[in-house]
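S.K.: One structure follows; several queries about it will come next.
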Amino acid sequence: GAGVSQSPSNKVTEKGKDVELRCDPISGHTALYWYRQRLGQGLEFLIYFQGNSAPDKSGLPSDRFSAERTGESVSTLTIQRTQQEDSAVYLCASSLVFRIGELFFGEGSRLTVL
Amino acid sequence: TQLLEQSPQFLSIQEGENLTVYCNSSSVFSSLQWYRQEPGEGPVLLVTVVTGGEVKKLKRLTFQFGDARKDSSLHITAAQPGDTGLYLCAGFRDSGNTPLVFGKGTRLSVIA
């Protein structure tokens, strides 16, 4: 597709379960970012990937969070042993090059942990 | 500590009124961007400002980047209900290889 695609759009899970969120960036975009947005809040940086460089994981809130990216395509964000405070919208974005230009966002994956 | 402070957090105004929202920091940014986000969607870029003192106009929206590149403002003239949304400022810090950082946003509601 033409834009950033995320799945699932909604996920309800029980506390303690693992979840995997997927992001398909715009073709040709070398940089990919994950942000978290709690209800009514701004965007909290989690992790970014740039080309084949090691990802910057400095924003991941705990070791329960991890992310992978296959080359310059799909990325998955995994949250292990989910907690209620993990409930949020997880937004993925991509850009042509890191730190230059516009970030294009997907519609997000809304995670609810019961 | 929030790197980019936005004010006000909430703003509810009547159609036709003017408004200004602010984005402030103690850090210098190589560029600042303004995004608008509607419910259930991701943010969409409105403008990027890169030069200290720069002013950009987008129809009824005027964006300004501070001379010291630490702050920015967004002014909307004659607001319309279609302007309703969450306005987010975001910037690339001048130092380091850091990603785009966002403020908490200003939630604007324009009542007809």
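Read-outs: derived from the displayed coordinates by stated rules, not from any lab. Remember, it's a predicted structure, so these values are computed and weren't measured experimentally. Cβ coordinates were reconstructed from backbone atoms using ideal geometry, including for glycine residues, and neighbour counts include every protein chain displayed.
S.K.: Find the all-direction average of the projected area of the Cα convex hull for region B:8-71, expressing the result in square nanometres with one decimal place.
M.R.: Values: hull surface 21.1 nm².
The orientation-averaged projected area of the Cα hull of region B:8-71 comes to 5.3 nm².
S.K.: If you don't mind, there's one more thing I want to ask. May I ask you to evaluate 6.51 cos²θ - 1.76 cosθ + 1.60, the Karplus curve with θ = phi - 60°, for each residue of region B:51-61 and list the ³J(HN,Hα) values in order in whole Hz, giving x for glycine and proline?
M.R.: Calculated HN-Hα couplings, in order: 10, x, x, 5, 10, 10, 10, 10, 6, 8, 9 Hz.
S.K.: Set the Förster radius R0 to 35 Å, insert the Cβ-Cβ distance between B:N18 and B:A68 as r into 1/(1 + (r/R0)^6), and round the FRET efficiency to 0.05. Provide the component values of the computation, followed by the final result.
M.R.: Details: r = 25 Å, r/R0 = 0.72.
Calculated transfer efficiency: 0.85.
S.K.: Go through region A:97-114 residue by residue and turn each phi into a ³J(HN,Hα) via Karplus (6.51, -1.76, 1.60, θ = phi - 60°); whole Hz please, and just put x for glycine and proline.
M.R.: So the J values, rounded to whole Hz, are 9, 5, 6, 10, x, 7, 8, 9, 9, x, 7, x, 10, 8, 9, 10, 10, 8.
S.K.: How much length, in nm to one decimal, is gained on full extension between B:N97 and B:I111, taken as 0.36 nm per residue of separation minus their Cα-Cα distance?
M.R.: Fully extending the segment from B:N97 to B:I111 adds 0.9 nm.
S.K.: For labels at B:V55 and A:N52 in the simple 7 Å Cα→Cβ model, what's the distance in nm?
M.R.: Result for the modelled spin labels: 4.9 nm.
S.K.: Using DSSP to call loops (not H, G, I, E or B), can you name the trypsin sites (Lys or Arg not before Pro) in region B:52-82 whose Cβ has at most 12 other Cβ atoms within 10 angstrom?
M.R.: Of the trypsin sites (Lys or Arg not before Pro), the ones in loops of region B:52-82 whose Cβ has at most 12 other Cβ atoms within 10 Å are B:K59.
S.K.: Could you compute how fast the protein assembly as shown diffuses translationally, taking Rh as the Kirkwood radius over C-alpha pairs and applying Stokes-Einstein at 20 °C with viscosity 1.002 mPa s? Give it in µm² per second.
M.R.: For these conditions, the coefficient is 118 µm²/s.
S.K.: Ok, one more. Let me have the relative contact order for region B:5-107, percent, based on Cα pairs under 8 Å that are six or more residues apart.
M.R.: The normalised contact order for region B:5-107 reaches 35 percent.
S.K.: Which of rounded, prolate, oblate describes region B:40-112, given a ≥ b ≥ c as roots of the alpha-carbon gyration tensor eigenvalues and a/c under 1.5 marking rounded, otherwise prolate only if a/b is larger than b/c?
M.R.: Numbers: a/c = 2.61, a/b = 1.47, b/c = 1.77.
Taking the square roots of the gyration eigenvalues as a ≥ b ≥ c, region B:40-112 is oblate.
S.K.: Shielding by partners for B:14-23, please: the mean number of other protein chain Cβ atoms within 10 Å of each residue's Cβ.
M.R.: Working: counts 0, 0, 0, 0, 0, 0, 0, 0, 0, 0.
Per residue, the number of nearby Cβ atoms from other chains is 0 on average.
S.K.: Another one. Give the long-range amide H neighbours of A:I47: residues separated by 5 or more places, or on another chain, with amide H under 5 Å away, using H modelled in the peptide plane at 1.01 Å from N.
M.R.: It is A:W34, by chain and number.
S.K.: Karplus couplings for region A:48-55 from phi (6.51 cos²θ - 1.76 cosθ + 1.60, θ = phi - 60°), rounded to Hz, Gly and Pro as x?
M.R.: Going residue by residue, I get 9, 10, 9, x, 9, 6, 4, x Hz, with x marking Gly and Pro.
S.K.: Once both labels are modelled 7 Å past Cα along the beta-carbon direction, what's the A:S87-B:S26 spacing in nm?
M.R.: About 3.5 nm, to one decimal.
S.K.: Mind pulling the per residue volume of the convex hull built on the Cα atoms of chain A? Å³ is fine.
M.R.: 94
S.K.: Length gain on complete extension for the stretch A:K17 to A:E102, per 0.36 nm per residue less the alpha carbon to alpha carbon distance?
M.R.: 27.1 nm
S.K.: Between A:S87, A:S75, A:S53, where does the largest GNM mean-square fluctuation fall for chain A, given springs only between Cα atoms within less than 10 Å?
M.R.: For chain A, modelled as a Gaussian network with Cα springs under 10 Å, the answer is A:S53.
S.K.: Something else: Please list, by residue number, every one of the GluC sites (Glu not before Pro) in region A:31-114 that is coil in DSSP and has at most 13 other beta-carbon atoms within 10 Å.
M.R.: The qualifying sites: there are none.
S.K.: Springs between alpha-carbon atoms under 10 Å, Gaussian network over chain A: tell me which of A:S73, A:S62, A:S27 tops the mean-square fluctuations.
M.R.: Looking only at A:S73, A:S62, A:S27, the biggest GNM fluctuation is shown by A:S62.
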